[in-house]
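The block underneath contains the structure these notes are about, expressed in structure tokens.
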Amino acid sequence: LIRQRQLTILAVSFGAAFLLLLLTVALLVSVPKPAPAWIPAAICTVIAALAGFKIRDTLISTTQSLERGNLQREELAIELQQQRSDIDTFAEGLEIAIFICDEKGEVLYSNRKVSEMFNFPEPQGKTVLGVTLSYDLQNLVTACANSHTKQISELSFSYPQERVGYCEAWPQPEGRQVFLSIQDITELRRLERVRRDFVANVSHELRTPLATIRAMAETMSEDKAQLKEFAERYLPRIVSEVDRLTLISEDLLSLTTAESNPVHKQVCDIAEVFQNVVRQLEQKAQGKGLSLTYAGPKHITLEANISQITQVAFNLLDNAINYTNYGAVAVNVEEQESQVQIVVQDTGIGIASEHLPRIFERFYRVDKGRSRATGGTGLGLSIVKHIVESHGGQISVESSLNQGSKFVVTLPKGNIQSQSSS
Ligand code: ADP
């Protein structure tokens, strides 16, 4: 625009100078002879000089505006480059897989998450099907390209591992490309399943004692003649079923508390906690003819919730006694550089390897009958795991059938500089 305006001024200046020259020549022709020869020469020189100045000014300002334009263009190019690299960094950092494909599903661009999710280092140039091994996803892209409308679907992927993805494909507004995003919702769906199972398990666990109580109460109310006899027979069972319901509700409450963050920590003498629980369970162990021993320092302090750690100790030791018929249960507490390690070992019935990965799940029991007979709710180990993990620790188990089990808990010391004393 600037250049056009300058050129117009230049043309008008030339035109005006030319007209002036014509006017002068006409004037000279009409002036009576002889006219002095320098007059036309002088007029021509003045006109030429004026035109020259105008041309020079116009050229200078044209060059300046051109330079300004170039500078602005360069600045815009740098800004554009910066924006592109910002968008690239943004796309690379996203935890959502992003593709840009052509209408046949050939990948033109993909972010880091795509390579990570499908274990495919260089997806560009390949098809969506080739990268993800999912016909459904490929169809989603082509359906989007053909209909030019947004397509949404929840799809399962089996390579390199089982996953569930929330997939959206939408068309480029003025073009033939398709944008595709995949959000990994595997964990979300797993948690939903766990929650559904949990609710089903809780209602099942509550229904059994409630049904028993109801049946016994009904029998007593129906046959008044035998009320005394029934009462003697059924009342202790009713009390024990109510105790069981109380136990389940207490365990559910502990589980909820263990899951709710943050943990209220205080200075906790973990060695003392385990020694107290050993003392508390000594009689129970003796009753079964088992030896129950504690080995380790008398005091080790760390940052923890005392009542929750007491529950960890109780659940592990109570289980060890419940599932051991002969031999011993031993607790070993050891202070390490930045953590405390607790080992609870027994010589009991052990756990078959196929059950090991599941024993920390809520309500999972290897032998339901045995667990019930010992007053178990199937929640003990999941409470332990939640408490340990909410304290930043870990729990693991090793076990051999009919030889015994070994539970190892590690807990970080926190900010406390603990001093152990033996
Ligand atoms: P429960 O209330 O049934 O004891 P837990 O969650 O404490 O529930 O334990 C889950 C299951 O793990 C138990 O039912 C039992 O089958 C198994 N288990 C736990 N501790 C031991 C152990 N020390 N030895 C053998 N099996 C065990």
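Bear in mind these aren't lab numbers, they're just calculated from the coordinates by the rules spelled out. Since the model is a prediction, treat every value here as computed from it, not as a measurement. Using ideal geometry, Cβ is built from the backbone for each residue, glycine included, and neighbour counts are taken over all protein chains shown.
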query: Mind checking the alpha-carbon convex hull of the range 63-136 and giving the volume per residue in Å³?
result: 111 Å³
- line: Most fluctuating of 325, 70, 146 in the GNM of the chain (C-alpha, under 10 Å) is 70
task: Report the dimensions of the chain along its three principal axes from the alpha-carbon atoms, largest first, rounded to Å.
output: 158, 58, 43
statement: Simple spin-label estimate for residue 367/residue 67, 7 Å along Cα→Cβ, in nm, reads 9.5 nm
- request: Using only Cα atoms, tell me the angle between helix 38-93 and the longest principal axis of the chain; keep it within 0 to 90° and round to the nearest 10.
  value: 10 degrees
- prompt: Of all the C-alpha pairs in the range 267-422, what % are more than 20 Å from each other?
  reply: 46 percent
task: Go ahead and set up a Gaussian network model of the chain, Cα springs under 10 Å, then flag whichever of 86, 346, 102 fluctuates most.
output: 86
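Given contacts defined as C-alpha pairs under 8 Å and at least six residues apart, what's the relative contact order of the chain, whole-number percent? Walk me through the intermediate numbers first.
Values: 607 pairs, mean separation 40.7, N = 422.
Result for the chain is 10 percent.
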task: Let me know the charge dipole size of the range 113-269 about its Cα centre in debye, to the nearest 20, where only the beta-carbon of Lys, Arg (+1) and Asp, Glu (-1) is charged.
output: 320 debye
message: Taking the Cα of residue 185, stepping 7 Å toward and past its beta carbon, and measuring to each backbone N in the range 142-169: which are under 18 Å?
response: 150-158, 162-169
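Within the chain, what's the longest run with no GluC sites (Glu not before Pro) in a DSSP loop and at most 13 other beta-carbon atoms within 10 Å? Give the range, please. Could the numbers behind the result be given before it?
On the way: sites that count: 95, 162, 174, 337, 354.
Result for the longest clean stretch: 175-336.
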- prompt: Label point 7 Å out from residue 374 along Cα-to-Cβ: which residues of the range 396-412 have amide N under 18 Å?
  reply: 396-409
FRET efficiency for residue 208 and residue 126, using Cβ-Cβ distance with R0 set to 56 Å, rounded to 0.05: 0.50
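Once the Cα gyration tensor of the range 269-327 is diagonalised, what are the square roots of 5 times its eigenvalues, in whole Å and ordered largest first, as equivalent ellipsoid semi-axes?
Details: eigenvalues 100, 29, 13 Å².
Equivalent ellipsoid semi-axes, largest first: 22, 12, 8 Å.
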